[in-house]
Amino acid sequence: MNKGKAYLVGAGPGDPGLLTVRAAQLLHLCDVLIYDNLVNETIVSNLTPPHCEKIYVGKSGAAHTMEQEEINKLIVDRTKAGNLVVRLKGGDPYIFGRGGEEALYCAENGVEFEVVNGISSAYAVPAYAGIPVTNRGYSSSVAFITGHEDPTKLESDINWEKLSTGVQTLVFLMGVKNLPFIAKKLMENGLDPSTPAAVIENGCQPSQRTVCGTLSDIADKVRDEGIRPPSISIIGKVVDLRDRLNWYESRPLFGKTIVVTRSRDQASWLTSRLTALGAAVIETPAIRIEPISDQTEINRCIGKISEYDWIIFTSVNGVDHFFAALSANGLDSRSLANAKICVIGPATGDRLIAHGIRPDLLPGRFISSAVIEELIKRNEVKGKSFLLPRADIAPRELRDLLLENNAELVDDISVYRTVQVNSDELQSAKDAIAGTKIDLVTFTSSSTARNFFNIAVKTGITSIKDFTCAAIGPITAKTAEELGFTVSISAVEHTIDGLVSAILTYYRT
């Protein structure tokens, strides 16, 4: 049996982008993941291998999935069974994370362990709210204090007198419920009631909220605004810097919840663009991309590949699946030497270049009619032969236009197919959108609109016309509107970048 090892790993404060490289490496390798409620679900879902056993042991207030003693034993038992165990904790495991207790238990029971520090919410969350915990002229000292101390205890572990007068920035973690007690003790021990204060809920996440006031009134403001755990409180002059340094909540899509409906393997670029602009993104893949099971027609066309004058690629998927079929036939890009290549859209062009070929034609507008216009200008339609490797459900407009303009031959073949999500993915989509206020749904193709419509029907959503929708182009917009969606945004440039630009324009006006 292989000797196991436990890793006590900090997941950072909420933003998956703040996960350390070492943490990501271990997540990709782990056999068992034991994680808390403050760990971003994206990390759990996307970074662990298929064989990984995921065990949730979250503790929130008085609600404990598993007591600490049980967690300690679980780590040791799974490690002794020969597993690579990752104990993943929000923030840093050694800053109010009880990681020290878990490490001691491992040491006492002869289990090899390693600590992988994480970015702590103690300083990252204030930074995301525009508050540096130290700053020249404002604060040269900072203290991190637990806010969970029981106010009914006969004697406090905190030296309130020295804390109130000896440190310039105070950061209380997990203390929103005890905030009235904390403020009272600080003022009783000499801290000026007018000292600036802030409380940040759901820090480093798109749902982050910040309330500012003074030590004397912050508890009332927090109560009035309904601020709830998890929250962090900051007290000190540095809070005054928020008005000038509030970068995170000032991003143009902050506070918007946007549904991305692309296939899961293609959603990342759109998701990352929207997330960087402040949006909370829910990925509900409406389609999956699969190769065509019957390759007869593809193989027939590849067998006469030297006879085509033009090959036209209309999508990244078309490029990838065509070259996969080419390779399966023992060929590579050299077999396309007799043909000219046209692509629709820069992303398709970039993917073609990745396969070693630069396109001969990239029309300025990314629609079928623009392709025909450019080819006619070059006298490259009449009497020419064309190969169109595309999706099984691709519209036939391009083929028809080529034939109408006297192309000699058009082989419009399916090299991949789009299929609806399976029952597990459907349930995942339902869970993701249930009870969530959706600001925008994005459609990047007609198939995503159709399949999201099916998801809506199967999950009991009846008022689809109430969704504000964004479409990547007029064909997708037309399909969505025919299904009953309200398309308020249609990209002028029919690309992911064009779609993001159109969304920004919509929310800025």
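The values are calculated or read from the model by the stated rules, or taken from the named source; none is laboratory data. Everything numeric here is computed off the predicted structure, so don't read it as measured data. Cβ: placed from backbone, ideal geometry, glycine included. Neighbour counts: every protein chain shown. The accessibility values were calculated without ligands, DNA or RNA, using every heavy atom of the protein model including side chains. Shrake-Rupley method; radii C 1.70, N 1.55, O 1.52, S 1.80 Å.
How many residues, within region 303-316, are in a helix (DSSP H, G or I) and within 21 Å of L403 (Cα to Cα)?
Going through region 303-316 one residue at a time, the tally reaches 3.
Can you tell me which residue is farthest from S272 (Cα to Cα) among those in region 13-35 that are out of contact with any helix residue (DSSP H, G or I) (no Cβ under 8 Å at 6 or more places or on another chain) and small (G, A, S)?
A23
Matching residues to (1) more than 24 Å from T275 (Cβ to Cβ); (2) surrounded by fewer than 22 Cβ atoms within 10 Å (Cβ to Cβ); (3) of a type in the set (F, W, Y):
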{"residue": "A11", "(1), (2), (3)": "no, no, no"}
{"residue": "N46", "(1), (2), (3)": "no, yes, no"}
{"residue": "E53", "(1), (2), (3)": "yes, yes, no"}
{"residue": "G58", "(1), (2), (3)": "no, yes, no"}
{"residue": "L74", "(1), (2), (3)": "yes, yes, no"}
{"residue": "D77", "(1), (2), (3)": "yes, yes, no"}
{"residue": "I95", "(1), (2), (3)": "yes, yes, no"}
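Which residues, counting only those in region 139-166, are modelled with pLDDT of 95 or more, assigned to a loop (DSSP other than H, G, I, E, B) and open to solvent by 60 Å² or more (accessible area, probe 1.4 Å)?
S140
Can you pull out the helices (runs of 4 or more DSSP H) entirely within region 1-120 that have at least 1 residues that are under 30 Å from N178 (Cα atoms)? It would help to see each step written out before you state the result.
Working: elements: 21-29, 41-47, 68-80, 99-108.
Fully inside region 1-120 and qualifying: 41-47, 68-80, 99-108.
Let me confirm something: among S369, S327, S335, S385, which residue is of a type outside the set (D, E, K, R) and under 23 Å from L499 (Cα atoms)?
S369
Name the residue, out of V371, V316, that is hydrophobic (A, V, I, L, M, F, W, C), free of Cβ contacts under 8 Å to residues at least 60 places away in the same chain and open to solvent by 10 Å² or more (accessible area, probe 1.4 Å). Reasoning before the result, please.
On the way: V371 fails: open to solvent by 10 Å² or more (accessible area, probe 1.4 Å).
The match here is V316.
Tally up the residues in region 438-480 that are among the hydrophobic types (A, V, I, L, M, F, W, C) and in a helix (DSSP H, G or I), please.
Taking region 438-480 and keeping what is among the hydrophobic types (A, V, I, L, M, F, W, C), we get 438, 440-441, 443, 449, 452-453, 455-457, 461, 464, 467, 469-472, 475, 477, 480.
The next check asks that each one be in a helix (DSSP H, G or I); those that pass are 449, 452-453, 455-457, 464, 475, 477, 480.
Of the residues in that region, 10 qualify.
Picking from R358, R351, R396, which residue would you name as being at pLDDT below 90 and open to solvent by 60 Å² or more (accessible area, probe 1.4 Å)?
R396
If you take just the strands (runs of 3 or more DSSP E) that sit entirely in region 203-293, which of them hold at least 3 residues that are at pLDDT 90 or above and open to solvent by 30 Å² or more (accessible area, probe 1.4 Å)?
Numbers: elements: 209-214, 231-235, 257-260, 280-283, 287-291.
Result: 209-214.
I'd like the full set of residues that are touching a Pro at 6+ places or on another chain (Cβ under 6 Å) and assigned to a helix (DSSP H, G or I), limited to region 168-183.
F181
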